[in-house]
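Visitor: Have a look at this one.
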Amino acid sequence: MTRLPALKVFYGLEFFLSMPTWIVISIYLVRDLHLSPLQLVLMGTSMEAAVFLCEVPTGVVADTYSRRLSLVIGYVGMGVTWLLVGVVS
């Protein structure tokens, strides 16, 4: 049995697991919350700023403890964020 390259597996999982989330959230923001294009741009900008600010602590965790723990913290944080977007309108 041959093993698949880790990079291809990672990109495949990212595509097939993240894409449905983005589509559902995008439809939810436009259809149910009736956000305007300006509101969508402002929300995207604030989300990118939050990602930038949260990269510093996860980078410290990665350098101090382990990269795997840093990835786990990052993915749990993203999951909680998607849940909060769905719960708080």
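Visitor: Can you pull the three principal axis extents for the Cα set of the chain, in Å, largest first?
Guide: That gives 48, 35, 21 Å along the principal axes, largest extent first.
Visitor: Here is a follow-up. Report the full-extension gain for the segment L35 to Y11: residue separation times 0.36 nm, less the Cα-Cα distance, to one decimal in nm.
Guide: Numbers: separation 24, 0.36 × 24 = 8.64 nm, distance 3.06 nm.
In short, 5.6 nm is gained.
Visitor: I've got another one for you. Determine the share of region 14-69's accessible area contributed by carbon and sulfur atoms, expressed in whole percent, with a 1.4 angstrom probe.
Guide: Percent of accessible area from carbon and sulfur atoms in region 14-69: 72.
Visitor: Another one. Please work out the average accessible area per residue across region 8-71, using the 1.4 Å probe convention, and give it in Å².
Guide: On the way: 5340 Å² over 64 residues.
Ligands and nucleic acids excluded, the result is 84 Å² per residue.
Visitor: Could you work out the equivalent-ellipsoid semi-axes for region 24-75, taking the square root of 5 times each eigenvalue of the Cα gyration tensor, largest first, in whole Å?
Guide: Numbers: eigenvalues 199, 32, 4 Å².
Over the Cα atoms of region 24-75, the ellipsoid semi-axes are 32, 13, 5 Å.
Visitor: Can you give the helix-only mean residue ellipticity at 222 nm for the chain, where every DSSP H stretch with n ≥ 4 adds -39500 (n - 2.57) and the sum goes over all residues, rounded to the nearest 500 deg cm²/dmol?
Guide: After summing the helix terms and dividing by residue count, I get -28000 deg cm²/dmol.
Visitor: Can you report the principal axis dimensions of region 48-89 using only the alpha carbons, biggest first, rounded to whole angstrom?
Guide: Principal-axis extents of region 48-89 (Cα, largest first): 37, 19, 9 Å.
The values are calculated or read from the model by the stated rules, or taken from the named source; none is laboratory data. These figures come from a predicted structure and were not determined experimentally. Each accessible area value is taken on the protein alone, full model and side chains, heavy atoms only, with ligands, DNA and RNA left out. Shrake-Rupley method; radii C 1.70, N 1.55, O 1.52, S 1.80 Å.
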